Amino acid sequence: MDKKLVVGIIIVVCILVLAIAIAVPVVRKTRGQGAQASLQQAKKWMSQTPLIDGHNDLPWRLKQHEDNKLKSLDLNQRPSWEITHTDIPRLRQGRVGAQFWAAYTDCFTQYKDSLRHVLDQIDVIKRICQMYPETFEIVTSTNGIEEAFQNGKIGSLIGVEGGHNIDSHLGVLRMLYDLGVRYMTVTHSCNTPWADNWHVDEPGGTPEFDGLTDFGVRVVKEMNRLGMLVDLSHVSKGLMEDVLAIPNVAPVIFSHTSAFALCNHYRNVQDDVLLKVKKNKGVVMVNFYTKYINCPPANITADVNYANLTQVADHIEHIRDVCGIDCVGIGGDYDGVETVPEGLEDVSKYPDLIAHLIDRGWGNTDIKKLIGDNLLRVFRDVEQVRDKMKNTLPDETTISRQLQQESSNVCRSKVFLGY
C-alpha cells in the first residue's frame, strides 16, 4: 500500500477520533442542560398552580408505627420506618401544593368498630395540621385549596377510604362531611352490604350486587347533595358503570388508579369506562404503585415490584389520549404501598415526573391541568351541584335490617321499635 495513502488514512482516523472526543461531552452537556431546563420549568409551573395529589396514606403509617402519637416523631425529619415516602422536607422539595390525606381503616373493621377507627384517622390528620401550622392547613373547598397555596401552605383535605366506614348509614356519611371529609372511596378491597369492590372482577370472582344496590345509589346521591366527591378507586367495573349511569350524577374522581390497557390489573380503569368518565367530566388520578404500573401487556420486566418513572408517564398519557387532557391527574398512593417506581421514590420526586412530561412535549396549560386544574374543576362542579341541591332534604332511608349482614350482626343494638 502506498505510504502516502496510509498516512492519509491515519490522519483521517485521528481527526474522526478527535471530533468524537469533542462531540460526546458537548452532546452530554447539551442533554444535561436540557434536562435541567425542563426541571426548572417544571418547578416554575408548579409554583403557579398547586400540585394536588389525590391520595397519601401517611396517616395510616402513623397509626401502624406510632399509634397516632404525634409527639413520638418529628415530621420535619425523615421517619425511621422501613417504608417511608412522606415528611415535610420531602413534601416541600416535591412542590406539593395540596394533598388529600387518606382516612383509611382496614376491611376487617367492617361490622365492628370501623367508625371509631375512621374518626381516629380524621383526628390525626387534623392534629398534624395543628402541630405544623406553618406547613399544613385543613381545607374543605376549592377556594380553601387556592388560598392555602397562595399563603405557602399545603392545603390538607380528608378522604375516607372505603364505604364500610359509614356503617351503611347515611347519617354517618353526613357527619363525616361535617367533620371535613371531602371524598369517600365507595369501597375499599371488600364489598359493603350495598356495593361491589374490584376483587369481584378477578378471574373466579363473583359479583354480589353487579355493582351498586338501590341503597348504594342513595349513598352516591347523598354525597352529591352534600358536595362530597365520589371516588371510584377500588370499586368493581360494574359499580363504576352504575355510578356513571346515574342521571345527572356529579363528576367523579378516581383518587389513585392507573390504566388497565397498559397494566391488566383489576384495580385499574378500563378504556370503555374512561370514555364514560370523559362524558361525566371526571378525573382519573394516576397511581404509582408498581403492581398497577408494570404488568402485562406493557410491562418492561416480569418483576411486579419494579417500575420506572417513564412507565408512569405512559399511564398518564394513555388516560389523556383516551379520556382527554381534562380527565387526568396524579394520585401517587405514597405510604400506602410497599413498592414505588424508580425515579419516583417518594413525594420529593414530583418535579422529575413533570420535567419528563415537558421533555415529551407537554406545554404549560396541559401540565397545569394535570397537576391541579383538572381536580379543581371537578371539585368546583361538585360544589355547584351541592349548591343547586341546597333545598333537597337529607335522605332518611335506612338499609334493610333483614339483610344477612345486619340480621346476624351481634354488634347491633336495636332502639327503633319498628324493627
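The values are calculated or read from the model by the stated rules, or taken from the named source; none is laboratory data. Keep in mind the model is a prediction, meaning the values are calculated, not measured. Note that each Cβ is placed from the backbone with ideal geometry, even for glycine, and that neighbours are counted across all protein chains shown. Heavy atoms of the whole protein, side chains included, go into the accessibility calculation; ligands, DNA and RNA do not. Shrake-Rupley method; radii C 1.70, N 1.55, O 1.52, S 1.80 Å.
When the chain is described by a simple charge dipole with +1 on each Lys and Arg Cβ and -1 on each Asp and Glu Cβ, the residue from Gly34, Gly155, Ile367 located farthest towards its positive end is Gly34.
In this simple spin-label model, placing a label point 7 Å from the Cα along the Cα-to-Cβ direction at both Gln404 and Lys112 gives a separation of 2.0 nm. Per residue, the accessible area of the range 188-243 comes to 31 Å², computed with a 1.4 Å probe over protein heavy atoms only.
Couplings for the range 300-305, taken from phi via the Karplus curve 6.51 cos²θ - 1.76 cosθ + 1.60 with θ = phi - 60°, read 9, 7, 7, 7, 6, 8 Hz in order; Gly and Pro are left as x. Peptides 259-270, 389-400, 237-248, ordered by how many other C-beta atoms sit within 10 Å of their residues on average, highest first, read 259-270, 237-248, 389-400.
In this Cβ point-charge picture (+1 for Lys and Arg, -1 for Asp and Glu), the chain has a dipole of about 1200 debye about its Cα centre. Across the range 197-303, the mean sequence separation of Cα contacts (distance under 8 Å, 6 or more residues apart), normalised by length, yields a relative contact order of 24 percent.
Amide H contacts of Leu51 (H built 1.01 Å from N, in plane; Pro and chain starts excluded): Gly97, Ala98 sit under 5 Å, all sequence-distant by 5 or more or on other chains. Projecting the alpha carbon convex hull of the range 243-390 along each direction and taking the average yields 9.0 nm². Computed in the context of the full set of protein chains, the accessible area of the chain at 1.4 Å probe radius has 53% of its extent on carbon or sulfur.
Note on Met131 and Arg377: the extension gain reaches 85.5 nm, defined as 0.36 nm multiplied by sequence separation minus the Cα-Cα distance.
Scalar couplings 3J(HN,Hα) for the range 308-321, obtained by applying the Karplus form with A = 6.51, B = -1.76, C = 1.60 to θ = phi - 60°, are 9, 4, 4, 5, 4, 4, 5, 5, 4, 6, 5, 4, 4, 5 Hz; x denotes Gly and Pro.
Nearest 5 is fine: what % of DSSP beta bridges in the chain come out antiparallel, could you say?
Values: 4 of 35 bridges.
Bridges in the chain are about 10 percent antiparallel.
When Lys and Arg each count +1 and Asp and Glu each count -1, what net charge do the other residues less than 10 Å away from Thr185, Cβ to Cβ, add up to? Display every interim value, and only then the final one.
On the way: positive: none; negative: Glu161, Asp231.
Computed value for this residue: -2.
Net charge dipole, the range 60-108: roughly 240 debye, given to the nearest 20, about the Cα centre with Cβ charges of +1 for Lys and Arg and -1 for Asp and Glu.
Take every Cα pair under 8 Å in the range 70-195 that's 6+ residues apart, average their separations, divide by the length, and report that relative contact order as a whole percent.
Details: 166 pairs, mean separation 31.2, N = 126.
It comes to 25 percent, rounded to a whole number.
Compared with the dominant Cα axis of the chain, that is its longest principal axis, helix 271-280 is turned about 70°. If the chain linking Asp123 and Glu241 were pulled fully straight, counting 0.36 nm for each residue of separation and taking away their Cα-Cα distance, it would gain 39.1 nm. Stokes-Einstein diffusion for the range 47-175, with the hydrodynamic radius set to the Kirkwood value over Cα pairs and evaluated at 25 °C in a medium of 0.890 mPa s, equals 160 µm²/s. At a probe radius of 1.4 angstrom, the accessible area of the range 66-170 per residue rounds to 42 square angstrom.
Could you size up the charge dipole of the range 186-320 around its Cα centre, putting +1 on the beta carbon of Lys and Arg and -1 on that of Asp and Glu, and report it in debye to the nearest 20? Don't skip to the end; give the middle numbers.
Values: 11 positive and 15 negative charges, 100 e Å.
My answer is approximately 480 debye.
What number comes out for accessible area per residue over the range 307-419 if the probe is 1.4 Å? Units Å², please. Walk me through the numbers before you get to the answer.
On the way: 5280 Å² over 113 residues.
That works out to 47 Å² per residue.
The Cα-based radius of gyration and maximum Cα-Cα distance (Dmax) for the range 60-107 are 11.6, 34 Å. Could you list log10 I(q)/I(0) for the chain at q = 0.06 Å⁻¹, which the Debye formula gives when each Cα is one point scatterer? Evaluating at q = 0.06 Å⁻¹ gives log10 I(q)/I(0) of -0.27.
The mean sequence separation of alpha-carbon pairs under 8 Å and at least six residues apart, normalised by the residue count of the range 220-369, gives a relative contact order of 20 percent. Counting every alpha-carbon pair across the range 158-260, the share separated by more than 25 Å comes to 10%.
Restricting to DSSP loop positions (anything but H, G, I, E, B) with no more than 12 other Cβ atoms inside 10 Å of their own Cβ, which GluC sites (Glu not before Pro) remain in the range 130-224?
Within the range 130-224, the qualifying GluC sites (Glu not before Pro) (loop, at most 12 other Cβ atoms within 10 Å) are Glu134.
For the Cα trace of the range 333-419, dividing Rg by the Kirkwood Rh returns an Rg/Rh value of 1.26. Distance between the modelled labels on Arg78 and Arg412, one decimal in nanometres: 5.0 nm (7 Å Cα→Cβ projection). Taking a point 7 Å from the Cα of Asp395 along the Cα-to-Cβ direction, the residues of the range 165-198 with backbone N closer than 17 Å to it are 165-178, 183-187, 192-196. Full extension of the segment from His169 to Lys44, taken as 0.36 nm per residue of separation minus the current Cα-Cα distance, would add 40.5 nm.
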